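**Student:** I have a structure here, written as structure tokens, and I will follow up with some questions on it.
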Amino acid sequence: FEIAKANGFKIADTKEEIEKLNSADGKMIAINPVLDGSYAMPYDVDRTEEELSLANFTKKGIDVLEDAENGFFMMVEAGENRLGRSRQRCYVKHRRYYSFF
């Protein structure tokens, strides 16, 4: 992230820093402080209440970008839905979809 910092990006990598982000911060990168070995967010079903959810990140992004002069485009993806196809992971699949709300 040194290259991003050198190019004027603010790096937020704690829950507190991410929650404080606003449009006045300019260019920014928000990194979930809780990531697994492949840098993925935990499944919503495995997440504690203290951890940020995909919905938290999405809402913060909208809050920061909603006053953008030229509008904005945001694409949010809950990956690995294919893991929910097994009976054992069915609950995880449904929770992943509900994590958007």
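What follows draws every value from the coordinates through simple rules; no lab data is involved. Keep in mind it's a predicted model, so treat the numbers as computed, not measured. Cβ: placed from backbone, ideal geometry, glycine included. Neighbour counts: every protein chain shown.
**Student:** Report the local net charge at Leu21: Lys and Arg +1, Asp and Glu -1, summed over other residues whose C-beta lies under 9 Å from its C-beta. Each step should come with its number before you reach the end.
**Tutor:** Numbers: positive: Lys10, Lys20, Lys60; negative: Glu17, Glu19, Asp25, Asp63.
The answer is -1.
**Student:** Working out 0.36 nm times the residue gap between Glu2 and Glu49, then minus their Cα-Cα distance, what length gain in nm do you get to one decimal?
**Tutor:** 13.9 nm
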